[in-house]
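Report on one structure; see the data block that follows.
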Amino acid sequence: MKKAFENVAYLDSLEDVGLARKGCKFAEESGELMQVICRYVGMKANKMTPEEMKEEAFGEVADVIQNSFCLANQFGVEYEDFVVPGYEGAELNVDELAKIGCEFSESVGKVLKIVNKKLLNKKKFNKEKSIEKIETVIRYALIIASMLDIDKSKIEEKILEKNKKWMTRIDKKLLKK
């Protein structure tokens, strides 16, 4: 995931939109992953096949990790400071998926709390704590991916593919200036 992290950090440095917007985007993508989980566990209306849900989850996991890397960059975290968690093999069980989804949501909330504290300068920023919280979000996203039988190496490829589209948007903005 190092290549994806470094590529995200580079693009993030080109797109000077600030921590508040990055936090909003992170929250949006996290919510979209939770929508997929709700479809899987039967808590949201669903006309998608399991394969279609898996494909949607694949993109949302990549989005969550991409945006987690973005926040890490905003917090001054380097890839070497970071431990991208291992990929755990887990069986798909809807009750366990719902439980992991709740834990994922809680970890997202903790990252957003750090974003808000940094934005409001309420407390001295704790880089180590922010790294730990972002790693937890990524760990849960990877557990969800594992439960849905999504290949970890393909997640990095998907992030790099999404980064190409991001670069196109950045180029268009720079051309308008």
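The values are calculated or read from the model by the stated rules, or taken from the named source; none is laboratory data. Everything quoted here is computed from the prediction, not taken from an experiment. With ideal geometry, Cβ positions are generated from the backbone for all residues, glycine too; neighbour counts draw on all protein chains shown.
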Scanning segment 4-30 for residues that are within 19 Å of GLU60 (Cα to Cα) and surrounded by fewer than 17 Cβ atoms within 10 Å (Cβ to Cβ), which turns out farthest from the chain's Cα centre (by Cα)?
-> ARG21
Unique residue being within 17 Å of the chain's Cα centre (by Cα), over 20 Å from ALA4 (Cα atoms), surrounded by 13 or more Cβ atoms within 10 Å (Cβ to Cβ) and of a type in the set (A, V, I, L, M, F, W, C) when the list is PHE104, PHE75 | PHE104
Are any residues in segment 106-133 under 24 Å from SER153 (Cα atoms) and either modelled with pLDDT of 95 or more or charged (D, E, K, R) (or both), and if so, which ones?
-> SER107, VAL108, GLU132, LYS133
Lone qualifier among LEU97, LEU148, LEU160, LEU142 - being out of contact with any strand residue (DSSP E or B) (no Cβ under 8 Å at 6 or more places or on another chain), farther than 21 Å from TYR40 by Cα and either buried (at least 17 other Cβ atoms within 10 Å of the Cβ) or of a type outside the set (Gly, Ala, Ser) (or both) | LEU160
